[in-house]
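See below for the structure under consideration.
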Amino acid sequence: MFGDYSLTDLSSIFVMQGFAGLILFSVYTLMALGLAIIFGQMGVINMAHGEFMILGAYVTYLCSGFFQTHLPALFPAYFFVAMALAFIASGALGMLVEWALIRHLYKRPLDTLLATWGLSLILQQTYRTIFGAREVGVELPAWLIGSVQVTDSIEIPINGMFVMAITTLITIGVALLMYRSRFGAQVRAVVQNRPMAGAVGIDTERVDRLTFGLGCGIAGIAGSAFTMVGSTGPTSGQLYIVDTFLIVVFGGAASLLGTIASAFSISQTQSTLEFFLSGSTAKVITLLAVVGILMLRPQGLFTLKVRR
Amino acid sequence: MTRPNPAQTVNDNPFMKPMEWVSLALLAAVIFVVLPMLLDAFRLNLVGKYLTYSFVALGLVICWGFGGILSLGQGVFFGLGGYLMAMYLKLEASSVENTKIQSTPGIPDFMDWNQITALPWFWKPFTSLPFTLIAVIVVPALFAFVIGTAMFRRRVGGTYFAIITQAIAAILTILIVGQQGYTGGINGITDLRTLNGWDIRTDQAHNILYFVNGALLVACILFAQYVKRSKLGRILVAMRDKEDRVRFSGYSVAGFKTFAFCLAAVFAAIGGAMFTLQVGFMSPSFVGIVPSIEMVIYAAVGGRLSLFGAVWGTLLVNWAKTTFSESFPELWLFGLGGLFILVVLAFPNGLAGIYRTYVEPRLTRRAKAPEPAPAALPHAAE
Amino acid sequence: MAEDQGNGLPSALRRRLLMGLAGLPAMALMPRTSFAAAPATAAVNTTGLAVTDTEVTVGVLHSLTGTMAISETGAQQAEKLAIAQINEAGGVLGRKIKVVQEDGASDWPTFAEKAKKLLVNDHCAAVMGCWTSASRKAVLPVFEQYNGLLYYPTFYEGLEQSKNVFYTGQEATQQILASLDWVHKEKGAKSFFFIGSDYIWPRTSNKIARKHVENVLKGTVVGEEYFPLGHTQFNSVINKLKLKKPDVIFTDVVGGSNVAFYKQLKAAGIDLSKQVLLTISVTEDEIDGIGGENIAGAYSCMKYFQSLKNPNNEKFVAAFHKMWGEKTVIGDVTQAAYLGPFLWKMACEKAGSFDVDKVVAASPGLEFKEAPEGYVRIDPNHHLWSKTRVAKALPNGQFEVVYESPELIKPDPFPKGYQ
């Protein structure tokens, strides 16, 4: 299939395809990070994860409208404000949900799945009532649109690089928080042995609430970032849910590194297959491979032995 | 904390307790007498469709309620049963006579549109009704067996299993939609007419199918009851509560789990086949994640430990769905979402749990006196 | 007598449309005399439809809930507008149209159920409804079994022709062939890259397009890709576009994927003012979600655009905005849905009856001159003769028509040589 192309063409395509894979990797990591914290650290299956993401997207939409009408001078920078607000909004809603719903169900992980599915239906209908059933278009500042011309034939989309940067920052932030901070130590202590953590004076309920809020908040940032590449509508969150869960499960719960490794392998497989095969075939093969490997190695790529 | 007392679900004594016979009689009376008398042909057909979902809920009671294995991919088996039946019906509807305007007469219309000029090999056996009926049972069971053995032998946990089955549902949907030449694609297999020469579209046929469906459902309940009170049923419950102890006692945990999963798959497939017969088509929208999870809520509302509850739950949720979506379409999703949360938080054992906590004690107290007033029965209001 | 009514009404209708659709007050002023002149119910209704001396029942069947509600809203609004206008102008055969609306809930068996309810319980004389092909396929046996009448508004893949359905949207060849000819002639396009969502409509459309490109235009198709519905990542295929450098990107991606595709295309630096992109799946409705600035410069091929300049359309847009709000956009399907009630009314009046068989028999050859898209005609194959238009997307979300087929294009749901 490469016979007709010049060497420069091919090499630039390989560079761009490499970037496409990296962008997909960032998108997947960002989607899965929040879920990995919630599922991995707390064992809760949050089926409303996609809806928390879309909340972030709607916050971004509102911000863009607000800045356009009231602060047009600051419009180029609004995206950062929007992401911070998305984090706060989704995180706050997450803590509310944890308090009202999830904390009653820690002993029944399968039931959290049903309850959060119900929550996702309610959130979808809420978005529909407030924002209308149609998708909304989020206007981006000019500097986020377009691409960087590296050579004559190599172009890298700016928003893709932006997503990569955000993902890197958040991943580093989460890693520091989890492995270098007092809060992270508390979270890990609660995951590994809840009664003992409580016995040494850790407020486990507070840790649970903050962990859940953190996971949801990161989902909000992801949703905010995805307004650049995807659609924002009441049911858009559903588009991400299967991929996200598979990434987390494939990575092996309770392992941040596992989630990243899994996002990397799945995104590279899919992006390479998409280039050589047709889109939907690539998707099916990727999913089948993931499910097949999970059947052979159900604990995922990386696992952490924990005592519950 | 919400785990039921095992003594409640497993009884060593007779096949069914007296109250369970009453429940069965009540259910049979409602399905076979009350509803056909009260409803017109149109509504009855609708109830018939709901009852096909209750096969799935019944299967979920066995594998989720008793076995503790939550499958979020029961739509896969419902769809398999439905599609296998639809393949037979479609071939019968695509006789050379009916399809003479096609470039290749005698094959289903969607194949003709996709330039397929001969019937694919895996469609060929479906000209035979006996083969189809066997396939409706065997194919889903085999599929469940493969998934089950692969996963349970490696001790895949409950949440993992749920997510993997969900992914399987997603994959199958993409496959069916993408392979439209062989499956009818997103439109599904439509315009089904006759079953071995018998027109299934008439009101009379719908009536007969309704009763066949009801009879099959009762048969499945009885079989599930048989499983439940057998040793196997008790092992399932034991396994759900303390898997390791069962394993240490020398039982093959994976084998029992696989069996429960296969049984649930077969029930779902029977439901799917009856669905196709009564509705007249099958489409990928019943295979995916959303219908699969909705079917879980039917079982949850009815009570995940109660075979009868599964049927009542299915009827209740669907009745509410039809009513609410007719009068308050906006509110329906709030209602459905709220139902999920309410059932999980407040009534983890669903209708059956409410019945056991509030109604049964009174009934048994009064049963010692003359006889129970029918009005006090839980489901009479339906 | 029925004929007299039929001849009198169109001009009255036109006058009333000209009056600017004054809304409810005008309805109250409706001359009662027209009822007196209405033909006897027994004469116009011999098959037990819901027709009284003053009313005739028509069903509207669309998804008000679920994933399809987004798309179907416009169609349903247009049908209600058309029915209100017909009632204002005196109704059909002297009878006001009473609407029974049902929610298909984006669920195909529900569509079939509700269709059956509309026909069996409500005895609707006609039903305006459905949007997706899947929902139409689901209701089709019901309409055939109970001899109902369905007006279906969406442009679709063709390969169907039922006695009980009138298709007021385009079938695939009407949409595709003229636009490919145009892009070949105007832009000198020789090579094409097809990108679609993976289901029946894009696959059938692309098949027709491929035959036309290869056999008629003597061009080449350098790529054909399908993505699952709801897919959101298109960077790999965009790289393929950069490698193959086709003259034309031809797309039929739908739903949320559409939004993602155009955003990523723009981000990847593909400039639609230089790269020709022809789409058959983007109307004003879709641009709302995509964002005008992301798709500006693309060419869309439809039979109707909100910006069409003709008196019929100006009145239609004004009336639509009056009824449903200034901000609502009007897409191709919305306009096609608007035609349904009028075509049915004209057929009833020509037949002098509401009987389905007579209405069906009277329909072929009917001409509707007041259509917002301009003149249309019903073909014996139950589809409409209509013009094809190519328009360029503008940053404000509207389209600028750049090409209009000189003649009405014949509908051909089973195109020979394209299958």
Test each condition in (1) assigned to a loop (DSSP other than H, G, I, E, B); (2) within 23 Å of B:ASN114 (Cβ to Cβ) for C:GLU224 and report the one that comes out false. (1)
Wholly inside the stretch B:154-250, helices (runs of 4 or more DSSP H) that include 2 or more residues that are among the hydrophobic types (A, V, I, L, M, F, W, C) are B:158-178, B:203-229, B:231-241, B:243-248
I'm checking my understanding of the structure. Among residues of the stretch A:109-123 that are closer than 27 Å to C:THR65 by Cα and of a type in the set (A, V, I, L, M, F, W, C), which one is farthest from the other protein chains (Cβ to nearest Cβ)? A:LEU123
B:ILE186 - would you say it is buried (at least 24 other Cβ atoms within 10 Å of the Cβ), modelled with pLDDT under 90, within 14 Å of another protein chain (Cβ to nearest Cβ) and within 28 Å of B:LYS242 (Cα to Cα)? no
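Residue-wise test of (1) hydroxyl-bearing (Ser, Thr, Tyr); (2) within 14 Å of chain A (Cβ to nearest Cβ); (3) farther than 30 Å from C:TYR156 by Cβ.
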{"site": "B:GLN115", "(1), (2), (3)": "no, no, no"}
{"site": "B:PRO125", "(1), (2), (3)": "no, no, yes"}
{"site": "B:MET151", "(1), (2), (3)": "no, yes, yes"}
{"site": "B:GLY157", "(1), (2), (3)": "no, yes, yes"}
{"site": "B:ALA162", "(1), (2), (3)": "no, yes, yes"}
{"site": "B:ILE168", "(1), (2), (3)": "no, yes, yes"}
Out of (1) over 20 Å from C:LEU49 (Cβ atoms); (2) assigned by TED's automatic domain parsing to the domain that holds C:ALA347; (3) touching a residue at least 40 places away in the same chain (Cβ under 8 Å), what's the single condition that is false for C:MET128? (1)
Residues of the stretch A:231-251 being more than 7 Å from every other protein chain (Cβ to nearest Cβ), closer than 14 Å to A:ALA219 by Cα and in a loop (DSSP other than H, G, I, E, B), which ones? A:GLY237
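Residue-wise test of (1) within 14 Å of chain A (Cβ to nearest Cβ); (2) closer than 29 Å to C:ASN381 by Cβ; (3) not in a loop (DSSP other than H, G, I, E, B).
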position: C:LYS163; (1), (2), (3): no, yes, no
position: C:GLN174; (1), (2), (3): no, yes, yes
position: C:ALA189; (1), (2), (3): no, no, no
position: C:ASN206; (1), (2), (3): yes, yes, yes
Return the total of residues in the stretch A:206-227 being more than 17 Å from C:VAL259 (Cβ to Cβ) and of a type in the set (Gly, Ala, Ser). 5
For the structure I just gave you, tell me whether C:GLN233 is over 26 Å from C:VAL127 (Cα atoms) and either in contact (Cβ under 8 Å) with a residue 60 or more places away in the chain or assigned to a loop (DSSP other than H, G, I, E, B) (or both). yes
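Conditions (1) more than 20 Å from C:PHE342 (Cα to Cα); (2) crowded, with 23+ Cβ neighbours inside 10 Å, marked per residue:
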site: C:ALA82; (1), (2): no, yes
site: C:ILE86; (1), (2): no, no
site: C:GLY90; (1), (2): no, yes
site: C:ILE97; (1), (2): no, no
site: C:VAL100; (1), (2): no, no
site: C:ASP107; (1), (2): yes, yes
site: C:LYS116; (1), (2): yes, no
site: C:VAL120; (1), (2): yes, no
Could you please let me know if C:TYR304 is buried (at least 21 other Cβ atoms within 10 Å of the Cβ), more than 8 Å from chain A (Cβ to nearest Cβ) and under 20 Å from C:GLN174 (Cα atoms)? yes
Pairs, first over 14 Å from C:ILE97 (Cβ atoms) and in contact (Cβ under 8 Å) with a residue 24 or more places away in the chain in the stretch C:36-55, second loosely packed, with under 14 Cβ neighbours inside 10 Å and not polar (S, T, N, Q), C-beta under 6 Å, six or more apart: C:PRO39/C:MET1
Here are B:VAL246, B:VAL212, B:VAL227, B:VAL266: which of them is within 14 Å of the chain's Cα centre (by Cα) and among the hydrophobic types (A, V, I, L, M, F, W, C)? B:VAL266
Return the residues of the stretch C:244-286 that are assigned to a helix (DSSP H, G or I) and surrounded by fewer than 22 Cβ atoms within 10 Å (Cβ to Cβ); say none if nothing qualifies. C:LYS244
Across the stretch C:179-201, the tally of residues that are buried (at least 21 other Cβ atoms within 10 Å of the Cβ) and either closer than 23 Å to C:LYS274 by Cα or in contact with a Phe, Trp or Tyr (Cβ under 7 Å, 6 or more places away or on another chain) (or both) stands at 12
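The values are calculated or read from the model by the stated rules, or taken from the named source; none is laboratory data. Predicted model, so just to flag it, every value in this text is computed and none were measured. Using ideal geometry, Cβ is built from the backbone for each residue, glycine included, and neighbour counts are taken over all protein chains shown.
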